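Down below is the structure, laid out as structure tokens.
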Amino acid sequence: MSDKISQLIFEFTKNYSDPENKSPFDEKNPNIQVAEKNGNVNLSLSVSSQYLDEYKKLGDLFKENLSKIDGILSVNVALTSEKQVNSSSNNHRKFQISAENVIAIASGKGGVGKSTFSVNLAVAISQLGKKVGILDADIYGPSVPRMMGISGKPQINENKKLIPLKRYGIKCMSIGFLISIDTPTIWRGPMIMKALEQMYNGVEWGELDYLIVDLPPGTGDAQITLAQSSKLSGSIIISTPQDVALADAIKGINMFKKVNVPIIGLIENMSYFICDKCNEKHYIFSNEGVKKEAEKFQIPFLGSLPIDKDLRIQSDEGKPACIDKPDSNIAKQYLEIAKSII
Ligand code: ADP
């Protein structure tokens, strides 16, 4: 999420108090969660049924006023409640995938390397001999096709299901195969759910040991629905060490806890930079911020990944590190993480 847009959103919402806990709707209030990508904002308010009418009014007011902010194209407001979230048996039937293990890769904000991690983890797990699929559910910025070096339209089989495209032995399905990623897509609430439903139920995955789901960034309605209804075996949260990203990652931790999805662990991406000349590690932001949060929440810490120029180039060229340079340090790190997950 753009920090500037996030600031503008909270500058407006903080003038209003949460009907239940009476605190302002600022960045620290766990009952408001905001995700934004390319000007499309998803805002979710955790509500208690006692104050439902007040929350509804606030939701309408936020939607109307935030839409007027320069740089915001659409605002989707979702009201969620813990009770609804935990007991939504209807939704449990909605998203179904037959894979032994479904692992969601999440981040509190965009641009932290969630898709890069998803792709490299998928490749690393497949190199360990498992049947792997990757589902790019990042409706705001599907980048798995580019990172896997794959394009084209999936065929439809006799059961009217989409056949995933295959690259490096991995079955891939992305919202990017179904829409044009060059033109901005304005997603409205029901459209998001429809598209995601098709990505889940409408794909012939065949037999899979692991399905890696690259979730949209943030903790909005789409993420909560996916987390609660798609029978996730677990989730991995990626963050960079910056405070803003970490604060958003904590919202992610709380979201998965709320919907009872086990958190497999946290990853710190772009943690440090190794200088070509002196070969020393430079911690550009802060050191071990994510690790400390993992300790605080008693969640496993899965590792710190460096800022790696090759990784960026490999992502752009569609060659994941474990394929392009399997002997590189970063490829070995992905492999170690994959082993610890399996
Ligand atoms: P997200 O999915 O969180 O939006 P991406 O995976 O698309 O983020 O990564 C954003 C950009 O950062 C991409 O250009 C990617 O190649 C680059 N990137 C991600 N991780 C690293 C890393 N560890 N070192 C260098 N570049 C990275």
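The values are calculated or read from the model by the stated rules, or taken from the named source; none is laboratory data. Keep in mind that what you see is a predicted model, and the values were worked out from it rather than measured. Every residue, glycine as well, gets a Cβ built from its backbone with ideal geometry; the counts of neighbours run over all protein chains shown.
Take the conditions surrounded by 15 or more Cβ atoms within 10 Å (Cβ to Cβ), of a type outside the set (Gly, Ala, Ser) and at pLDDT 90 or above and apply them to Lys166. Does it pass? In short, no.
A count restricted to region 1-52 and to residues that are over 12 Å from Ile72 (Cα atoms), in a strand (DSSP E or B) and not aliphatic (A, V, I, L, M) stands at 5. For region 313-328: of the residues being within 11 Å of the ligand (Cβ to nearest atom) and free of Cβ contacts under 8 Å to residues at least 24 places away in the same chain, which is nearest to Ile125 (Cα to Cα)? Only one residue tops the list, namely Gln314. Identify all residues within region 127-139 that are in contact (Cβ under 8 Å) with a residue 60 or more places away in the chain and either surrounded by 24 or more Cβ atoms within 10 Å (Cβ to Cβ) or part of a loop (DSSP other than H, G, I, E, B) (or both); write none if there are none. If the condition is that a residue be in contact (Cβ under 8 Å) with a residue 60 or more places away in the chain and either surrounded by 24 or more Cβ atoms within 10 Å (Cβ to Cβ) or part of a loop (DSSP other than H, G, I, E, B) (or both), then Leu128, Lys130, Lys131, Val132, Gly133, Ile134, Leu135, Asp136, Ala137, Asp138, Ile139 are the ones that fit. In the set Leu215, Leu266, Leu226, only one residue is within 16 Å of the ligand (Cβ to nearest atom), in contact with a Leu (Cβ under 8 Å, 6 or more places away or on another chain) and farther than 19 Å from Lys37 by Cα; that residue is Leu266.
The set of residues in region 278-304 being touching a residue at least 12 places away in the same chain (Cβ under 8 Å) and either within 13 Å of the ligand (Cβ to nearest atom) or assigned to a helix (DSSP H, G or I) (or both) consists of Ile284, Phe285, Gly289, Val290, Lys291, Glu293, Ala294, Phe297, Gly303, Ser304. No other residue among Ile307, Ile264 is in contact (Cβ under 8 Å) with a residue 40 or more places away in the chain and either surrounded by fewer than 20 Cβ atoms within 10 Å (Cβ to Cβ) or of a type in the set (A, V, I, L, M) (or both) apart from Ile264.
Between Ile253, Ile237, which is assigned to a strand (DSSP E or B) and either in contact with a helix residue (DSSP H, G or I) (Cβ under 9 Å, 6 or more places away or on another chain) or basic (Lys, Arg) (or both)? Of the residues listed, the single one that is assigned to a strand (DSSP E or B) and either in contact with a helix residue (DSSP H, G or I) (Cβ under 9 Å, 6 or more places away or on another chain) or basic (Lys, Arg) (or both) is Ile237. For region 257-276, indicate whether the set of residues that are modelled with pLDDT of 85 or more and either part of a helix (DSSP H, G or I) or not assigned by TED's automatic domain parsing to the domain that holds Val119 (or both) is non-empty. Among the residues of region 257-276, at least one is modelled with pLDDT of 85 or more and either part of a helix (DSSP H, G or I) or not assigned by TED's automatic domain parsing to the domain that holds Val119 (or both), which makes the answer yes.
Yes or no: Ile238 within 13 Å of the ligand (Cβ to nearest atom), among the β-branched types (Val, Ile, Thr) and touching a strand residue (DSSP E or B) at 6+ places or on another chain (Cβ under 7 Å)?
Values: within 13 Å of the ligand (Cβ to nearest atom): yes; among the β-branched types (Val, Ile, Thr): yes; touching a strand residue (DSSP E or B) at 6+ places or on another chain (Cβ under 7 Å): yes.
So Ile238 passes the test.
Residues that are among the basic types (Lys, Arg) and touching a residue at least 24 places away in the same chain (Cβ under 8 Å) were ranked within region 246-261; the one that is farthest from Ala294 (Cα to Cα) is Lys258.
Only residues that are farther than 22 Å from Ala249 by Cβ and modelled with pLDDT of 95 or more: list them for region 100-123, please.
Across region 100-123, the qualifying residue is only Val123.
For Met173, the conditions (1) assigned to a loop (DSSP other than H, G, I, E, B); (2) more than 30 Å from Ser46 (Cα to Cα) are fulfilled apart from (1).
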